[in-house]
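Written below as structure tokens is the structure these notes are about.
The values are calculated or read from the model by the stated rules, or taken from the named source; none is laboratory data. Just so it is clear, the structure is predicted and the values come from calculations on it, not from any experiment. Methodologically, a virtual Cβ is constructed for each residue, glycine included, from the backbone with ideal geometry; neighbour enumeration extends over all protein chains shown. Calculation scope for accessible area: heavy atoms of the full protein, side chains included, ligands and nucleic acids excluded. Shrake-Rupley method; radii C 1.70, N 1.55, O 1.52, S 1.80 Å.
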Amino acid sequence: YLGIDIGSVSVKLVLLDEKRNIKQSHYVRHKGQPIQVLINLLKGIPLAEVKDIAITGTGGKIVSEVSSIPHINEVTAAHLAIENLLPEIKTLIEIGGQDSKLLLFKKSSTGIPALSDFSMNSICAAGTGSFLDQQASRIGIPIEEFGEIALKSKNPPRIAGRCSVFAKTDMIHLQQKATPFHDILAGLCLAMARNFKSTVGKGKKFEYPIAFVGGVASNKGMVSAFESIFEIKNGELIVPEYHEVFGALGAAIFAMRNGGNG
């Protein structure tokens, strides 16, 4: 069973067997060529053995329309992944390239986590992975090294996180003052975590344990920032093994259910 997630920044694939074991998982930045990247990834999948496929993500809608592959929304995909991978989770933070989500769960009578509330970011990308990509590019830091560098900071400055334009202004000012890069990057992570809490999480009650998924969850600086902003104790913020392909995992589970019913 194959799950595909095409986002604004990357293409994700997850291949499940009959027992829901992950046989393959792929996360590839598409650099504006999602269809070509998807085609290349599918060459490594034993398609003759695939019983059913489902797709999610903003870019997945186009593929669904031209291929008749079922498309499910990202909230449903995340819910299915939580239900099957992390049923003890009560709060889910998901941050991708250009969107961020907050999902809240409660236990149902069957013991399966039921979605009780959710919210998403506005069209502004200030609180998403693209925000971090842009700022890292500005100061010449590879995004893959962003998190490790940010963790070196002992005194992160306060940076505006509501708007990338304001953040850029703050960063220029800090650079003019010869502020170390690791402090600037840590300040950016904290700004993004505060922005998530005050916009996406506004008026919501965060219950523990919390899972953090999406490509941004690979950034250790962001993990540390969320722990700081939410005053999370050790073990209360979980970054699951397959966090970067979480949506594709949910789509694969949907494909399994759909195939089983069909």
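May I ask you to list, by number, the DSSP H helices of the chain whose Cα span along the axis is at least 15 Å and whose average Kyte-Doolittle hydropathy reaches -0.5 or more?
74-85, 164-176, 181-198, 246-261
Return the inverse of the average 1/r over all pairs of distinct C-alpha atoms in region 130-215, which is the Kirkwood hydrodynamic radius, in Å to one decimal.
13.6
If you bin the C-alpha pair distances of region 171-261 every 10 Å from 0, what whole percents do you get?
14, 35, 29, 16, 4, 2, 0
Where both residues lie in the chain, what percent of DSSP beta bridges are antiparallel, nearest 5?
In the chain, approximately 70 percent of DSSP beta bridges are antiparallel ones.
Could you let me know the centre-to-centre spacing of region 1-76 and region 137-176, using Cα atoms, in angstrom?
33
Where in the chain is the longest stretch that carries no trypsin sites (Lys or Arg not before Pro) classed as loop by DSSP and with at most 16 other Cβ atoms within 10 Å?
That gives 52-151 as the longest site-free run.
Determine the equivalent ellipsoid of the chain by diagonalising the alpha-carbon gyration tensor, then write out the semi-axes as square roots of 5 times the eigenvalues, largest first, rounded to whole Å.
33, 21, 15
Let me check I've understood the local charge: for VAL28, count other residues with C-beta under 14 angstrom from its C-beta, Lys and Arg +1, Asp and Glu -1. What total comes out?
+1
What full-extension length gain, to one decimal in nm, is calculated for ILE62 and THR110 as 0.36 nm per residue of separation minus the Cα-Cα distance?
Taking 0.36 nm per residue and subtracting the Cα distance, the gain is 13.7 nm.
Not counting the cut sites, what is the longest span of the chain without GluC sites (Glu not before Pro) that DSSP labels loop and that have at most 16 other Cβ atoms within 10 Å?
89-206
Relative to 2.2 N^0.38 Å, what does the C-alpha radius of gyration of region 20-173 come to as a ratio? Two decimals please.
Computed over Cα atoms of region 20-173, the ratio equals 1.27.
Which residue, PRO180, PRO113, PRO240, has the most motion in a Gaussian network model of the chain that connects Cα atoms within less than 10 Å?
Among PRO180, PRO113, PRO240, the largest GNM mean-square fluctuation belongs to PRO180.
Suppose the chain between ASN40 and LYS202 were pulled fully straight at 0.36 nm per residue; how much longer would it get relative to their current alpha carbon spacing?
54.3 nm
Using a Förster distance of 22 angstrom, determine the FRET efficiency expected from the C-beta separation of GLU236 and ASP117, and round it to 0.05.
My answer for the efficiency is 0.70.
Using a 1.4 angstrom probe, figure out how much accessible area the chain has per residue, in square angstrom, rounded to the nearest whole.
Spelled out: the 1.4 Å probe surface of the chain, per residue, equals 48 Å².
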